[in-house]
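Report on the structure given below.
None of the figures in this text is laboratory data; all of them are computed from the coordinates on show. Here the structure is a predicted model, which is why all the values come from computation and not from measurement. Here the Cβ is made from the backbone with ideal geometry for all residues, glycine too, and neighbour counts use every protein chain on show.
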Amino acid sequence: MNIGIIGCGFIGSTIAEAADSMPEIEVVKFTDIDTSRPMAMAQKHKKGISHTMNDMEGFLRDLDLVVECASPVAVKECGVQVLSSGIDLMVLSVAALTDDELWQDMRKAAKSNKANIFIPSGGVVGTDGLGSAVEAQMDHVTLTTTKHPKSFLGVKYVHDQGIDLMNLKEPVVIFEGQAKEAAVLFPKNLNVSTTVSVAGIGTERTKVKLIADPAITVNRHELKFQGRFGECTCVVSNSPSMTNPKTSYLAALSAIATLRKIVDCTWIG
Ligand SMILES: NC(=O)c1ccc[n+]([C@@H]2O[C@H](COP(=O)([O-])OP(=O)(O)OC[C@H]3O[C@@H](n4cnc5c(N)ncnc54)[C@H](O)[C@@H]3O)[C@@H](O)[C@H]2O)c1
């Protein structure tokens, strides 16, 4: 199997390392808007080949799977092209999928070209159960995310509420509403709420609560859902990754786990 990695940052490097040890993977092509990064990755990894972003057709040639771990812009620019070429696509920059038109176009391209879209669970836990639960009637899905106030600095909505983020003495709810509204107001905090929305009941019915807590040292996500199946609460306290503190280590591990399911042809959960 040949894979292509778009984005040679923290997640890209972590997947590349794992791919090196998977005998089913023969070639790993790297590309990035920062041209120095794919070259460095290709030198470091024995199966690696560096490629420019300017020649997408050449990059896609002979690939079976593309792993996007760059940015929402990369999903917008390359998503439909990858799937229309009949190549499977793993998306990490899930925030891009709040664009309904793009999401529908990608699904259409995947279906008509017999390609798969893989969305790892990323920084959240419980999307497997949520995916099962939505096969019957659902009452509600709520995601409560608690982060350090500095994660919300520069957000206009928070500023307009008169919340002084850097002088909080206790946890403060800074937003409560639809995932769809959160997408507009908090564009930098979107990957997890979008993963939950696409796995479950969509951005209009999924409720999001955001809490700024000056005492917290992790990113905490609590996913609660209830329906015909019963009820479920899943909580994760994520440690940041080593090189990009904005990214939870678990997100990179979920990408490796997805890749392993693909190469092992075995899907549990
Ligand atoms: N699904 C989740 O739960 C989850 C969790 C954490 C991060 N993410 C997302 O995964 C992506 C990668 O995260 P990371 O921590 O590896 O980031 P990073 O900043 O460490 O690396 C991103 C890399 O992509 C490159 N890049 C940026 N825009 C590009 C573009 N348009 N085309 C090609 N290359 C581009 C950058 O130069 C950089 O090398 C981000 O979009 C991030 O938001 C998702």
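Over 27 Å between Cα atoms: which of Lys156/Lys180; Lys224/Lys246; Lys76/Lys114; Lys169/Lys209; Lys150/Lys261; Lys108/Lys261 fall into that group?
As for pairs spanning more than 27 Å Cα to Cα, those are Lys150/Lys261.
Cα centroids of segment 53-82 and segment 93-145: how far apart, whole angstrom?
19
Return Trp267, Trp103 ranked ascending by Cβ neighbour count within 10 Å, so the fewest neighbours appear first.
So the ranking, lowest neighbour count to highest, is Trp267, Trp103.
Nearest 5 is fine: what % of DSSP beta bridges in the chain come out antiparallel, could you say?
Taking every DSSP beta bridge with both residues in the chain, the antiparallel ones total about 50 percent.
Tell me, what is the FRET efficiency for Ser237 and Ser36 to the nearest 0.05, using R0 = 30 angstrom and their Cβ-Cβ distance as r?
My answer for the efficiency is 0.30.
Explain nothing, just compute: Karplus ³J(HN,Hα) = 6.51 cos²θ - 1.76 cosθ + 1.60, θ = phi - 60°, for every residue of segment 217-222 in order, whole Hz, x for Gly and Pro.
10, 10, 9, 10, 10, 10
Using Cα springs under 10 Å in a Gaussian network model of the chain, which residue among Asn167, Asn116, Asn191 shows the largest mean-square fluctuation?
Maximum among the listed residues: Asn167.
In what sequence, highest mean first, do 82-88, 222-228, 107-113, 65-71 appear when ranked by Cβ atoms within 10 angstrom?
Listed from highest to lowest mean packing, they are 65-71, 82-88, 222-228, 107-113.
Working out 0.36 nm times the residue gap between Lys188 and Glu17, then minus their Cα-Cα distance, what length gain in nm do you get to one decimal?
58.9 nm
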